[in-house]
Amino acid sequence: MIGLYFSGTGNTKHCVELLVGLLDPSAKAIPLESPETAEAILENDTVVLGYPVQFSNVPYIVRDFIERNRSHWKGKKVFCVATMGAFSGDGAGCSARILKKYGAVILGGLHLKMPDSVCDSKLLKKSAEQNRALIEASDAKIRQTANRIRKGKVPKEGLSPFSHLLGLFGQRLWFYKRTAGYTDKLKISDNCTGCGLCVTLCPTGNIGVQNGKAAGHGKCTMCYRCVSRCPQKAITLLGDKVVEQCRYEKYTGQN
Ligand SMILES: Cc1cc2nc3c(=O)[nH]c(=O)nc-3n(C[C@H](O)[C@H](O)[C@H](O)COP(=O)(O)O)c2cc1C
Ligand code: SF4
Ligand code: SF4
């Protein structure tokens with residue numbers, strides 16, 4: 001078994017690491033950006049694939065990854081994990097449908113409510129206490145899920161035709177353009193000092209620093225990693241002002 005995850009602000013990383021560790025303590029969980037992912041699919045029969053839901057869809061970088069490795073999925077058993085701030089309908093189903101197309105066997109799906117990662121919007125913002133409670137509830141659900149899977153009762157969240165309709169009409173249809181590809185909407189203000197942190201963090205290599213100022217190159221997958229970490233709060237994406245820099249570690253006191 002291998003865990004593969006894409007994670008902007010750390011929620012999905014935590015969830016996949018916890019689930020994979022409980023299911024198989026000898027199994028690794030690695031980020032989608034690491035160079036060994038394609039090899040890891042080939043070497044393992046079972047894959048736990050995790051990602052954050054974006055407008056009830058799978059982040060473009062994850063769809064791109066699945067498609068790029070299309071020949072690797074045949075016969076692989078995949079369990080899809082979708083983390084979200086509130087609602088997705090078929091968050092797990094969205095990747096499951098693409099994977100099935102390439103011959104994967106979908107074992108199940110899991111939806112986990114975690115702190116919202118959109119740093120530049122007041123919408124869905126919760127207190128630190130509420131976010132900690134969300135994480136604790138998700139941790140409990142992950143432990144329960146691992147126990148159920150061991151007994152052969154694999155959850156199928158987000159995989160039914162009803163979930164598909166919920167995701168489609170609840171959100172995806174209205175926001176489809178936002179996730180149709182990489183975006184060029186990243187904004188970097190004059191507060192940028194050119195420190196280069198965002199350059200090293202970005203999973204798509206979207207940001208560069210020139211003449212002491214960072215700039216995006218139109219290949220952003222909206223993960224909010226740079227927005228949540230810029231020391232100057234100089235980066236925004238969907239909104240125009242950083243409301244709260246959100247990171248999993250912040251809520252668990254690790255950072
Ligand atoms: C661009 C964007 C769109 C999002 N859309 C949704 C959504 O449709 N529904 C939802 O419940 N959460 C949504 N979220 C929240 C994230 O899915 C959620 O916070 C997730 O756990 C973040 O995981 P990460 O820390 O691994 O990146 C969105 C986040 C971003 C950045
Ligand atoms: S992390 Fe912020 S301050 Fe540093 S280069 Fe990037 S945008 Fe500029
Ligand atoms: S530019 Fe920022 S939000 Fe966009 S993909 Fe890179 S790190 Fe993520």
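Name the pairs: first residue in the stretch 234-254 and more than 19 Å from Ser127 (Cβ to Cβ), second residue more than 11 Å from ligand 1 (Cβ to nearest atom), Cβ to Cβ under 6 Å, at least 6 apart or on different chains?
Ala234/Ile188; Ala234/Ser189; Ala234/Asn191; Ala234/Cys192; Ile235/Ile188; Ile235/Cys226; Thr236/Lys187; Leu237/Leu186
How about the stretch 177-221: which of its residues are touching a Phe, Trp or Tyr at 6+ places or on another chain (Cβ under 7 Å) and within 9 Å of ligand 3 (Cβ to nearest atom)?
Tyr182, Thr204, Lys219, Cys220, Thr221
Does Ala104 satisfy the criteria of being surrounded by 15 or more Cβ atoms within 10 Å (Cβ to Cβ), in contact with a Lys or Arg (Cβ under 6 Å, 6 or more places away or on another chain) and more than 23 Å from Glu244 (Cα to Cα)?
For Ala104, the condition - surrounded by 15 or more Cβ atoms within 10 Å (Cβ to Cβ), in contact with a Lys or Arg (Cβ under 6 Å, 6 or more places away or on another chain) and more than 23 Å from Glu244 (Cα to Cα) - is met.
Would you say Leu159 is free of Cβ contacts under 8 Å to residues at least 24 places away in the same chain and part of a loop (DSSP other than H, G, I, E, B)?
When the stated conditions are applied, Leu159 does not pass them.
Out of all the residues in the stretch 233-245, is one or more among the hydroxyl-bearing types (Ser, Thr, Tyr) and either within 19 Å of Lys13 (Cα to Cα) or assigned to a loop (DSSP other than H, G, I, E, B) (or both)?
No, the stretch 233-245 contains no residue that is among the hydroxyl-bearing types (Ser, Thr, Tyr) and either within 19 Å of Lys13 (Cα to Cα) or assigned to a loop (DSSP other than H, G, I, E, B) (or both).
Is it the case that the stretch 210-225 has a residue that's touching a Cys at 6+ places or on another chain (Cβ under 7 Å) and of a type in the set (Ser, Thr, Tyr)?
Among the residues of the stretch 210-225, at least one is touching a Cys at 6+ places or on another chain (Cβ under 7 Å) and of a type in the set (Ser, Thr, Tyr), which makes the answer yes.
For the stretch 187-212, name all the residues that are within 7 Å of ligand 2 (Cβ to nearest atom), more than 19 Å from Gly239 (Cβ to Cβ) and touching a residue at least 24 places away in the same chain (Cβ under 8 Å).
Thr193, Cys195, Leu197
Test Pro203 against the criterion of being surrounded by 18 or more Cβ atoms within 10 Å (Cβ to Cβ) and assigned to a loop (DSSP other than H, G, I, E, B), and give yes or no.
Criteria met by Pro203.
Which of the residues spanning the stretch 216-231 are of a type outside the set (Phe, Trp, Tyr) and surrounded by 17 or more Cβ atoms within 10 Å (Cβ to Cβ)?
Gly216, Lys219, Cys220, Thr221, Met222, Cys223, Arg225, Cys226, Val227, Ser228, Arg229, Cys230
Failed condition for Asn131, given (1) away from ligand 3 (no atom under 16 Å from the Cβ); (2) under 23 Å from Cys230 (Cβ atoms); (3) not in a helix (DSSP H, G or I), with all others met?
Tallying (1) away from ligand 3 (no atom under 16 Å from the Cβ); (2) under 23 Å from Cys230 (Cβ atoms); (3) not in a helix (DSSP H, G or I), Asn131 fails exactly one: (3).
Being surrounded by 24 or more Cβ atoms within 10 Å (Cβ to Cβ) and under 17 Å from Arg63 (Cα atoms) is the filter; apply it to the stretch 1-46 and report the residue that is farthest from ligand 3 (Cβ to nearest atom).
Gly3
Select from the stretch 240-255 the residues that are within 11 Å of ligand 1 (Cβ to nearest atom) and surrounded by fewer than 17 Cβ atoms within 10 Å (Cβ to Cβ) and list them in ascending order.
Selection gives Glu249 alone.
Here is a list: Ile2, Ile41. Which entry is in contact with a His (Cβ under 6 Å, 6 or more places away or on another chain), touching a residue at least 12 places away in the same chain (Cβ under 8 Å) and more than 14 Å from ligand 1 (Cβ to nearest atom)?
On the way: Ile2 fails: in contact with a His (Cβ under 6 Å, 6 or more places away or on another chain).
Sole residue among the options that is in contact with a His (Cβ under 6 Å, 6 or more places away or on another chain), touching a residue at least 12 places away in the same chain (Cβ under 8 Å) and more than 14 Å from ligand 1 (Cβ to nearest atom): Ile41.
Quick one: Thr183 ticks every box in (1) more than 13 Å from Thr236 (Cα to Cα); (2) hydroxyl-bearing (Ser, Thr, Tyr); (3) within 20 Å of the chain's Cα centre (by Cα) except a single one, so which number is it?
(1)
Among the residues in the stretch 120-128, are any assigned by TED's automatic domain parsing to the domain that holds Gly239, within 15 Å of ligand 1 (Cβ to nearest atom) and either hydroxyl-bearing (Ser, Thr, Tyr) or loosely packed, with under 15 Cβ neighbours inside 10 Å (or both)?
Our first condition is that a residue be assigned by TED's automatic domain parsing to the domain that holds Gly239; within the stretch 120-128, this holds for none.
No, there is no match, as no residue in the stretch 120-128 is assigned by TED's automatic domain parsing to the domain that holds Gly239, within 15 Å of ligand 1 (Cβ to nearest atom) and either hydroxyl-bearing (Ser, Thr, Tyr) or loosely packed, with under 15 Cβ neighbours inside 10 Å (or both).
The values are calculated or read from the model by the stated rules, or taken from the named source; none is laboratory data. Everything quoted here is computed from the prediction, not taken from an experiment. A quick note on method: Cβ atoms are made from the backbone with ideal geometry, for glycine too, and the neighbour counts reach across all protein chains shown.
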